[in-house]
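To start, the structure under review is shown below, and the notes come after it.
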Amino acid sequence: MSYNLTQEDMSEFMHSASAERDYIINLPHDIGSIVSEKKIVTEDILFFKSNVQTQKNVVMQSHQKMNGLYIGILLDGEVTYKDNLLDHSITLHKNEVKISYINEFDMTTTLGKTSCGIGLFIKNDFLEKNFKEILDLSNYDNKHFSSTTLKYSASNSVILAKELFQSPFKGGLHNLYIQSKILDIIYSEFKELSCYLKDTPSNHIKLTQEDIAALHKAKEIILNSKEFPDILTLSKKVALNEFKLKYGFKKLFHTTPGNMILHQKMLYAKKLLQNSELSINEISNFVGYKHQQSFTTAFVRYFKVRPKDVMKERRYYY
């Protein structure tokens, strides 16, 4: 059993560099609590420390607009993130890191009964000033697509993250201590990310004729099957590992499989809204969204118009 929780827009808490405050949720019936502390390191770097102590797993729905890079390191427990806009899930385990560039997300987060970790939100100005040779933000700052996961693996910054989580100091010394640890983590993670990106150039990866045929088959499935599979299912269908699938799509089709799937979902949903007799809820389920609100958010982000307004083009609408 789990406890379901819906949070309103978290953007102000996550993104604002004008106020430091804690975000505390005391769950009913003695289920437990969720505490997230926020610290402004600089105007471009925000630090979060989260601690979950509950009797049940907690499933939390939240919506955020951010525009920046988020580094999350889980120090204990297990957390599953599902981006409802991309219909893609990642489970983070103890001592693992997830680095994502986020424009906006409609997220379902499943929190283990006991979990804790840290998060760093880094704004675009800092990224452009310090890491433009590593990250081309134009590849990620895209109005159509909500987020891009850059790294998901065991973290080499766990010791630093634990020291940051358990700072022994107070006052000015505490501020100096956490700032130094945060900069060390950013340096460590970006150094590793830089090596990863340099180690996977086109001349290191060879696409065989069988690989190319599999990639074209994957594209055909996305464009014509109306199945809208997730990346794992698609890779199994064409017998190609996820890494080579993503790399091959970039090389051959100049997009990602996730973006192509989303594009087809949105086009087909719009066609159904205009021409079918299906309700919005039926259409959202048909194109793979569990929740109608997640579909509506993705549709508005993509077309800048509400599904209901498109539906009014029908002779009869629901």
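Only the coordinates and a few stated rules stand behind these numbers; no lab work does. Keep in mind that what you see is a predicted model, and the values were worked out from it rather than measured. Cβ: placed from backbone, ideal geometry, glycine included. Neighbour counts: every protein chain shown.
Observations on the structure shown:
- P(r) for the stretch 204-311, from all Cα pairs and a bin width of 5 Å, is 2, 12, 23, 20, 14, 12, 9, 5, 2, 1, 0 %, short bins first.
- Per residue, the convex hull spanned by the Cα atoms of the chain amounts to 148 cubic angstrom.
- Sorted by Cβ neighbour density within 10 Å, fewest at the top, the residues 295, 121: 121, 295
- Helix 171-198 axis, angle to the chain major axis (alpha carbon atoms, nearest 10°): 40 degrees
- Dividing the summed helix terms, -39500 (n - 2.57) for each DSSP H run of n ≥ 4, by the number of residues in the chain produces a 222 nm estimate of -12000 deg cm²/dmol to the nearest 500.
- Selection of trypsin sites (Lys or Arg not before Pro), the stretch 178-275, meeting DSSP coil and at most 15 other Cβ within 10 Å: 206, 226
- Entries in 49/98; 206/246; 38/304; 94/246; 82/217; 132/265 that, when Cα-Cα distance is taken, lie over 21 Å: 38/304; 94/246; 82/217; 132/265
- Seen against the Cα atoms of the chain and their longest principal axis, helix 242-253 is set at about 60 degrees.
- Under the simplified labelling scheme, the residue 220-residue 125 pair shows an inter-label distance of 5.2 nm, with each label point 7 Å from Cα along Cα→Cβ.
- Amide H contacts under 5 Å for residue 76, placed H, 5+ residues apart: 95, 116
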